[in-house]
Structure formats: structure tokens, C-alpha cells
Amino acid sequence: MFTQERMINHPGEAHCPLKDGLMYEYLIAGNGTFIHAERPGLKAVIPEADRMTGTSGPHIVPYVQVMPKFSGWLLDAALDAARERDGIEYLFALWPQRLMVPAQEARAGTVRPVDPYDKIMADTMCELHSHHHMEARFSPTDDKEETGFRIYAVIGRIYTLPEIRVRVGIYGHTWEIPALTVFDRLGQFKDALS
């Protein structure tokens, strides 16, 4: 069994660790259904968009916690590297203090890892890609492909007014969050969510 449903009887239960063997769980609360997942360095409880009808029980406050936060210098490095690509999208794999570039197939309007299951992509905590001249937004293709449990980020307008948009993904369920939830600073970027 990889998932389960749990009725919340007390707000603090939303912060209880997952049982061994579970990838995620649904939490049913007074203000809707939420998805709870954990991995080393990342914990999240996010709204489940398809089931936001509540019960008479306690309410849950959704949250995302990255421990430690991603260093802002990673964004500086990604911005510099993306600007050198001359309009070709770029994919980065991030951990709190490390940025790597996986083998990738990239064009002006799309980028994807050659092998999404290689060690870099399988273990990454944050997948960030560039949109160059376009705004920082998640495309329908992103929605389809971003199915792991990690932070996803997209940067756009990198030559003029750099912006970033961030969300957490839990196996196909996503929730947009302020970038400073997971980065310690944004450098030249403006948060597209604000």
C-alpha cells in the first residue's frame, strides 16, 4: 500500500509523520481534503484540488517546509547559465547547496531530461527550468510531466525583468507557493506569484 486516507480529529495530526511504506496520504479535515508527503529535507501538506469539501472536523493549514532552504546563489547561477543558452530552455536539478545540469533534450519551447530516472533527476529536491523571453508560468506540458514529489520552479523573462514561479508537487498534485518559502533569497528575481 502506497497511500491511505486518514480522518483528522485534531489539527496537530496533520504534522504527524507518515507511516512506514507510505508515499503519501490523504488527510480529511473540516476545510477539505489534503495530501501529506515527506522525504528527507521536504515535508508538505497541500490542498487536494478535486476534493475540497470539508467535514465537521478541525481545519488544516497547508504548508511546505524545506530544511534547509535552497541557497539564493543557486538562482544566480541558474540565471547566468540560462542567459548563455540564447533562447534555448535549460533544466537544472537543485538541492539546498548544489546545482546540477542533467543530460537533456532542449529546444526553444521545451526541455526534458534524456533519462528522467537517472540518479540526478530521481533524487533532486527541486527541478527548475527556464522560459527565457516568456513569463514564468507552468505549461500544460509541465502539468503532465511533473509527477514526482519535489519542488518545481520555472524562471522567465530572464533578459529583462527576471521572474520565478514555484510550486510543490506531490505525485501529480501541485500547489503554488511563494518562492521565499523554499529559497533564502531571490536575488534578481521577482516572485511571479506576488
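Throughout, read-outs are computed from the coordinates displayed, never taken from laboratory work. Only a predicted model underlies this, so the values are computations on that prediction, with no experimental measurement involved. We place every Cβ from the backbone using ideal geometry, glycine too, and count neighbours over all the protein chains shown.
Numbers below:
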| item | result |
| --- | --- |
| Residue order, fewest to most surrounding Cβ atoms within 10 angstrom, among 71, 139, 130, 56 | 56, 139, 71, 130 |
| Placed amide H near residue 57: partners under 5 Å, 5+ positions off or other chain | 30 |
| Normalised per residue, the volume of the convex hull around the Cα set of the chain (Å³) | 117 Å³ |
| Karplus-derived HN-Hα couplings along region 19-24 (A = 6.51, B = -1.76, C = 1.60, θ = phi - 60°), whole Hz, x at Gly and Pro | 5, 3, x, 8, 7, 6 |
| Theoretical ellipticity at 222 nm over the chain - DSSP helices of four or more residues, -39500 (n - 2.57) apiece, nearest 500 | -3000 deg cm²/dmol |
| Spatially close lysines, pair count over the chain: Cα under 22 Å, gap of eight or more or interchain | 6 |
| Residues 38, 84, sorted so that the one with the fewest Cβ neighbours within 10 Å comes first | 84, 38 |
| Inter-site label distance for residue 147 and residue 105 at 7 Å from Cα along Cβ, in nm | 1.6 nm |
| On Cα atoms only, tilt of 72-83 relative to the major axis of the chain in degrees | 50 degrees |
